[in-house]
Ligand SMILES: NC(=O)c1ccc[n+]([C@@H]2O[C@H](COP(=O)([O-])OP(=O)(O)OC[C@H]3O[C@@H](n4cnc5c(N)ncnc54)[C@H](O)[C@@H]3O)[C@@H](O)[C@H]2O)c1
């Protein structure tokens, strides 16, 4: 029998040691939040550079205040480690490792399986194990539970096991770990109860209990599939509006005045990051095993993946240069969305690659991305005062801290994918 009351009492008294596996965009903010709420946190990452940075109080996630990291370290409540054996001293382990796609664009569960192996090597009776990494429904119960049970412990009798999706929105100025409601689904009632109690002790928002782990996994996939499909719809609308010579931005502004039944999504060069281009594919892949074709997800994916190609065709028409040969193009914004330094699945990067393949002379400017490597070559963000050299400037990301007046005054021609210039028609072409 699992000792539900005693673990809840330990959580209440902050006597639990919490392990966080994976200290990236999700794991590090969680670890710092936990430490600053009074829990002792052992943060484990396989990346030694990250651990060394943290040990030197160096912050690598924009959404975390460096002062909060320093406080957690000084109080010895956050202990970054590179040796997974240290996780033996924990009572709760939260897993926040990546769940990307492989080269064939299929779910890559390598990191999640490795993390489950680490858990199985360090678990003891009454441990609370929580997975936060986004994945398809059934992963926790059918795959991860079995790996952990290689320890000899049984999930129903010996430990608590839950899935609780992370819903963090990097660079969001208002919503963070602390004030975003948390969904929790356990493999049994006790697991749901203990996990919900744990999150309720650290966040100032609601904790929503669902029936099981697969419902919690599915809720996260639904959230991001909803976004993918609506973004694909807006991308299609922007192509339609271009053909009909209607301003898509004005259309969205008008439509969103409806006080119910409409949520505004906006066009751009595509979708990026670790969630929207990936999570729905986890579901469509899983559904193939059930002989079900995810029609809306598939067509939406096709539409969003084609967006950089559509932009390139628009560039050919705008510049009346169908070969793009030697055309000097500056992309403004390389990250996958505004005000973040994350390049994962960035549509600007895809645009950069296509333009290069077409032999355009393409450079980029992004204060958040100093450099990146593509085809073994390193590319660096150019100085913005070089802007006059370019035939065309493409605004791919509307970072908040850019001097858009300077960009407008010093560009020959602008293709504005994010509507930063709104009514300024002169030398600005809208998406
Ligand atoms: N980034 C987001 O906005 C976001 C939002 C919600 C949910 N998620 C989900 O959260 C999960 C984590 O995403 P992220 O953006 O934090 O990824 P990330 O790449 O920023 O961080 C993951 C960390 O895990 C580490 N890691 C990988 N394998 C490990 C292992 N075996 N042991 C220990 N550490 C390991 C990596 O070194 C890295 O530091 C993913 O499933 C993602 O879909 C991400």
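The values are calculated or read from the model by the stated rules, or taken from the named source; none is laboratory data. Bear in mind the structure is a predicted one, so any value in this text is a computation, not a measurement. Don't worry about glycine lacking a Cβ; one is built from the backbone with ideal geometry, like all the others, and counts go over all protein chains shown.
Out of all the residues in the range 125-132, is one or more closer than 21 Å to residue 280 by Cα, modelled with pLDDT of 95 or more and under 21 Å from the mean Cα position of the chain (by Cα)? Within the range 125-132 (the criterion being closer than 21 Å to residue 280 by Cα, modelled with pLDDT of 95 or more and under 21 Å from the mean Cα position of the chain (by Cα)), the answer is yes, since at least one residue qualifies. Give the residue that is farthest from residue 419 (Cα to Cα), with candidates limited to residues of the range 355-380 that are surrounded by fewer than 17 Cβ atoms within 10 Å (Cβ to Cβ) and under 25 Å from the mean Cα position of the chain (by Cα). Selected residue: 375. In the condition set (1) in a loop (DSSP other than H, G, I, E, B); (2) loosely packed, with under 15 Cβ neighbours inside 10 Å; (3) outside the structural domain of residue 13 (by TED's automatic domain parsing), residue 240 is compliant with all but (1). Before we move on, is residue 147 in contact with a helix residue (DSSP H, G or I) (Cβ under 7 Å, 6 or more places away or on another chain), at pLDDT 95 or above and within 20 Å of residue 217 (Cβ to Cβ)? So residue 147 passes the test.
Among the residues of this structure, residue 169 does not count as one that is assigned to a loop (DSSP other than H, G, I, E, B) and more than 13 Å from the ligand (Cβ to nearest atom). Residues that are without any contact (Cβ under 8 Å) to a residue 60 or more places away in the chain, within 21 Å of residue 327 (Cα to Cα) and within 26 Å of the chain's Cα centre (by Cα) occur in the range 410-420; there is at least one.
Taking the criterion of being on the phi > 0 side of the Ramachandran plot and either more than 16 Å from the ligand (Cβ to nearest atom) or modelled with pLDDT under 95 (or both), would at least one residue in the range 15-32 satisfy it? The answer is no; no qualifying residue exists. Of the candidates 379, 364, 406, the single residue that is over 24 Å from residue 325 (Cβ atoms), touching a helix residue (DSSP H, G or I) at 6+ places or on another chain (Cβ under 9 Å) and either in a loop (DSSP other than H, G, I, E, B) or assigned by TED's automatic domain parsing to the domain that holds residue 231 (or both) is 406. Restricted to the range 53-157, the set of helices (runs of 4 or more DSSP H) holding at least 2 residues that are more than 14 Å from the ligand (Cβ to nearest atom) comprises 66-74, 145-148. Taking the range 139-168 on its own, how many of its residues are over 17 Å from residue 1 (Cβ atoms), in contact with a strand residue (DSSP E or B) (Cβ under 8 Å, 6 or more places away or on another chain) and without any contact (Cβ under 8 Å) to a residue 40 or more places away in the chain? Counting residues in the range 139-168 that are over 17 Å from residue 1 (Cβ atoms), in contact with a strand residue (DSSP E or B) (Cβ under 8 Å, 6 or more places away or on another chain) and without any contact (Cβ under 8 Å) to a residue 40 or more places away in the chain gives 2. Inspect all residues belonging to the range 338-357 and state whether any of them is more than 16 Å from the ligand (Cβ to nearest atom), touching a helix residue (DSSP H, G or I) at 6+ places or on another chain (Cβ under 9 Å) and either modelled with pLDDT under 95 or in a strand (DSSP E or B) (or both). Within the range 338-357 (the criterion being more than 16 Å from the ligand (Cβ to nearest atom), touching a helix residue (DSSP H, G or I) at 6+ places or on another chain (Cβ under 9 Å) and either modelled with pLDDT under 95 or in a strand (DSSP E or B) (or both)), the answer is no, since none of the residues qualifies.
Of all the residues that make up the range 181-200, how many are surrounded by 18 or more Cβ atoms within 10 Å (Cβ to Cβ) and in a loop (DSSP other than H, G, I, E, B)? Summing the residues that are surrounded by 18 or more Cβ atoms within 10 Å (Cβ to Cβ) and in a loop (DSSP other than H, G, I, E, B) in the range 181-200 gives 1. Run down 292, 260 and say which single residue is within 29 Å of residue 168 (Cβ to Cβ) and outside the structural domain of residue 109 (by TED's automatic domain parsing). When all the criteria are applied, what remains is 260.
Mind checking whether some residue in the range 265-280 is over 27 Å from residue 301 (Cβ atoms) and in a loop (DSSP other than H, G, I, E, B)? For the range 265-280, residues over 27 Å from residue 301 (Cβ atoms) and in a loop (DSSP other than H, G, I, E, B): absent. Of all residues in the range 277-315, those being within 16 Å of the ligand (Cβ to nearest atom) and in contact with a strand residue (DSSP E or B) (Cβ under 7 Å, 6 or more places away or on another chain) number 4. A Cβ distance below 9 Å, combined with a sequence gap of six or more or placement on separate chains, defines the contacts here; from the range 108-119, residues that are in the same structural domain as residue 27 (by TED's automatic domain parsing) reach residues that are within 8 Å of the ligand (Cβ to nearest atom) and part of a helix (DSSP H, G or I) in the pairs 118/84.
Quick grid of which residues meet (1) buried (at least 20 other Cβ atoms within 10 Å of the Cβ); (2) over 26 Å from the mean Cα position of the chain (by Cα); (3) under 24 Å from residue 276 (Cα atoms):
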position	(1), (2), (3)
310	no, no, yes
314	no, yes, no
317	no, yes, no
326	no, yes, no
331	yes, no, yes
340	yes, no, yes
345	no, no, yes
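When 3, 12, 53, 37 are checked against the criterion of being surrounded by fewer than 20 Cβ atoms within 10 Å (Cβ to Cβ), under 26 Å from residue 275 (Cβ atoms) and either in contact with a helix residue (DSSP H, G or I) (Cβ under 8 Å, 6 or more places away or on another chain) or touching a residue at least 40 places away in the same chain (Cβ under 8 Å) (or both), 37 stands alone in meeting it.
State yes or no: is residue 159 in the same structural domain as residue 14 (by TED's automatic domain parsing) and under 21 Å from residue 193 (Cα atoms)? In short, yes.
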